[in-house]
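Taking it in order: structure first as structure tokens, then the write-up.
The values are calculated or read from the model by the stated rules, or taken from the named source; none is laboratory data. Since this is a predicted model, take the numbers as computed values, not measurements. As a convention, Cβ positions derive from the backbone with ideal geometry for all residues, glycine included, and neighbour counts pool all protein chains shown. Heads up: the accessible areas ignore ligands, DNA and RNA and are worked out on the full protein's heavy atoms, side chains in. Shrake-Rupley method; radii C 1.70, N 1.55, O 1.52, S 1.80 Å.
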Amino acid sequence: QVQLVESGGGLVQAGGSLRLSCAASGRTFSGYTIGWFRQAPGKEREFVAGISRSRVTWYADSVAARFTITRDNAQNTVYLQMNSLKPEDTALYHCATSIASITSSEPMYDQWGQGTQVTVSS
């Protein structure tokens, strides 16, 4: 079992940047694929970015040119660097674990954090 805690959200103007952190407890953190998802009010949760055990990364098309996901296994932390933020990026951002190698499918992720709110003003 891994417990996940997200942080780094906040209010930022359009064009600004934020770095989200996903801190994990548990010695097996390095064995998981980690994904970031987001859910805006009135919308379904959607995949944002993922990083595999071997640090392969993949992104939703809407963020691929602006967001970067990295992991530091020594710190048991995954980061999501978000640049050139847009009002449509406003959402509650969650990280989650998966035993799958590379997946954007929400049902493949089984351990979730509580989320951190990102609000982008225009």
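Okay, here's what the table says:
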{"item": "Largest-first ordering by accessible area, 1.4 Å probe, given options 6, 46, 106, 88", "result": "88, 46, 106, 6"}
{"item": "Å² of accessible area per residue within the chain, as computed with a 1.4 Å probe and no ligands counted", "result": "51"}
{"item": "Accessible area, probe 1.4 Å, largest first, for residues 110, 89, 72", "result": "110, 72, 89"}
{"item": "Rg/Rh (Cα only; Kirkwood hydrodynamic radius) as it applies to the chain", "result": "0.94"}
{"item": "Potential extension, residue 19-residue 68 segment - 0.36 nm per residue separation minus Cα distance", "result": "16.7 nm"}
{"item": "Relative contact order, percent, the chain [alpha-carbon distance under 8 Å, six or more residues apart]", "result": "36"}
{"item": "The chain - charge dipole about Cα centre, Lys and Arg +1 at Cβ, Asp and Glu -1, debye rounded to 20", "result": "280"}
